[in-house]
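The values are calculated or read from the model by the stated rules, or taken from the named source; none is laboratory data. It should be emphasised that the depicted structure is a prediction, and the values quoted were computed from it without experimental measurement. Cβ sites come from the backbone with ideal geometry, for glycine too, and all protein chains shown count toward neighbours.
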Amino acid sequence: MILHTRDVPPRAAFALEQAGVHPLLARLLAARGVRAADELDDGLARLLPPAALHGAAEAGRLLADLIAAGGRICVVADYDCDGATACAVALRGLAMLGAARENLAYVVPDRAVHGYGLTPAIVELAREKRPDLLLTVDNGIASLEGVAHARALGMSVLVTDHHLPALQAGAVVLPAADVIVNPNQPACGFESKALAGVGVVFYVLLAARAELRARGRFDAASQPRLDALLDLVALGTVADVVRLDANNRRLVAQGLRRVRAGRMQPGVAALFAAARRQPERACGFDFGFALGPRINAAGRLADMTLGIECLLTDDAGRAAELAAQLDAINRERRDVEAGMRELAEAAVERYGADSTPPAVALFDPSFHEGVVGIVAGRLKDRLHRPTFAFACGADGALKGSGRSIPGFHLRDALDLVAKRHPGLLLRFGGHAMAAGCTLAPAGFETFAQALRQVAGEWLDAATLERRIAVDGPLDPQWFDAATVGLLDAQVWGQGFEAPVFCDEMQVLQQRLVGEKHLKLRLRHGASVREAIWFGHAEPVAERVRLAYRLSLDEWNGQARVQMVVEAAA
């Protein structure tokens, strides 16, 4: 374990502080690449323009034509939170732009039955809606067969996605869709490659609105306020753990601002209530760890239609019912995950402390297909190794989900495995940090060995040692509730991580609470502090260097600042 202190460019920190940014915040932002105060302007006018997104203008014209002609549009969604929010944004946005509700429909794959993306089977399911256009959200860029099948049946296809395109013989190949909008397609120079699927479809709606405005359908004063959808855009963006570059931070900040002001979809409000979170104090953590998992649970264990309907309904009562169902499914998901984690951790116990391979692949016949991604992520965090977990699919094939560490591009690793072992991977796709694949049942051991071989070639000892970036010591003057409020008001997330401070401490007392959490009483400078280390049961040394974040511990109406420990060195 290495605690690495982020560099703070002094000129940038000074410039931010001189511009009126709180001194502590100026230091934190400078360490994350912010160089000037105008970069902190999260107004909608600072969003990258839709015209810069390749294919967006053409998609806008296609949608404007269909709306004018009364054409039927079927949205093909994905079964995660990004896909669910993208579906809701598409349907709500198209209705706002003038599409008749009876001309709008959606389908979403069942993870266990249909698999991922616009497959020919999903095209057949969508065909029942009699669409003129299939609009994919958060999928489609690798759906070569599905797009071809839809086009052969006379449907137009508009692909909106953010995943990496498919590779054939090492070359990028795109589906033969009418229009493709994806910042990660080769022809796109859009500055924000990190847009989530929901962000891409939001941009397409902005382009369609611009086209309709140019056609005289409405003017700038009377045009639909698509910013009303930003609570959904923010939720999907954070839940999909995409990098929060400046453009994504603006989208999330705008969404959070609307939630805090009480301007949100009934389903979002209902999910806050089900999660027992307060919308007026909403932060990115709520989207990523409270609302997002409840929506994702539907796609993992049940039917994502529940999540989409929760986000689509305008009836607060119906939204509350659906949110309660999602909450119950999420509790079930946690129970399933706990059992799978026990099996997975028992399997990796055979590795000694110094003999963990550079990549790990696990399979157990009892694993649930919908939860293997979570288990892979938990083990990746524990072992600091690229990790795949596999379950048996309904068709008998092995369905795997993987999570990676910095320095190991998981999708590219799968591509290399596929080249070295032709026919081993029936399907694969994904990102640098998360990917999935399908194997024949007899292929697991070959895959596990092949993945370990690639990891052994690509990863060195330094990369395989866990590193946590920290922000140095926290001046005692900032250890108060006001600082917690200041930090919670910012947009933190993937690629723009929340502050983690690091100080030398004297441990005055330590004890276990709830059998698995370490409660600490510490001497921090001249003060005595309370700290908790969730999920950690081993005692720490009397003198220890702790990495921690600040939080407010609220109990019986009282709030006090505490340290939440992330690591010790």
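Side notes on the structure shown:
- Considered as a group, the residues in segment 545-558 that are modelled with pLDDT under 95 and surrounded by 10 or more Cβ atoms within 10 Å (Cβ to Cβ) include one that is nearest to Leu25 (Cα to Cα), and that residue is Ser551.
- Within segment 428-441, being at pLDDT 95 or above and surrounded by fewer than 18 Cβ atoms within 10 Å (Cβ to Cβ) holds for no residue.
- From the list Arg61, Arg92, Arg11, the one residue that fits, being at pLDDT 95 or above, surrounded by fewer than 19 Cβ atoms within 10 Å (Cβ to Cβ), of a type in the set (Lys, Arg) and closer than 22 Å to His162 by Cβ, is Arg61.
- Verdict on Val360 being within 25 Å of the chain's Cα centre (by Cα), at negative phi and in the same structural domain as Ala413 (by TED's automatic domain parsing): yes
- Checking Arg213, Arg217 one by one, the residue that is part of a loop (DSSP other than H, G, I, E, B), of a type in the set (Lys, Arg) and either within 30 Å of Arg420 (Cβ to Cβ) or modelled with pLDDT of 95 or more (or both) is Arg217 and no other.
- Residue among Arg263, Arg277, Arg257 that is surrounded by fewer than 20 Cβ atoms within 10 Å (Cβ to Cβ), modelled with pLDDT of 95 or more and not in a loop (DSSP other than H, G, I, E, B): Arg257
- Any hit, segment 64-79, residues being of a type in the set (A, V, I, L, M, F, W, C), over 26 Å from the mean Cα position of the chain (by Cα), within 20 Å of Val181 (Cβ to Cβ) and not in a helix (DSSP H, G or I): yes
- Positions within segment 132-167 being free of Cβ contacts under 8 Å to residues at least 60 places away in the same chain, assigned to a loop (DSSP other than H, G, I, E, B) and either hydroxyl-bearing (Ser, Thr, Tyr) or on the phi < 0 side of the Ramachandran plot (or both), in sequence order: Ile141, Ser143, Leu153, Met155, Asp161, Pro165
- Filter pass, Glu465 being surrounded by fewer than 17 Cβ atoms within 10 Å (Cβ to Cβ), farther than 30 Å from Ala234 by Cα, in contact with a strand residue (DSSP E or B) (Cβ under 7 Å, 6 or more places away or on another chain) and modelled with pLDDT under 95: yes
- Filtering Gln477, Gln506 for residues that are loosely packed, with under 15 Cβ neighbours inside 10 Å, closer than 28 Å to Pro9 by Cα and not assigned by TED's automatic domain parsing to the domain that holds Phe289 leaves a single hit, Gln477.
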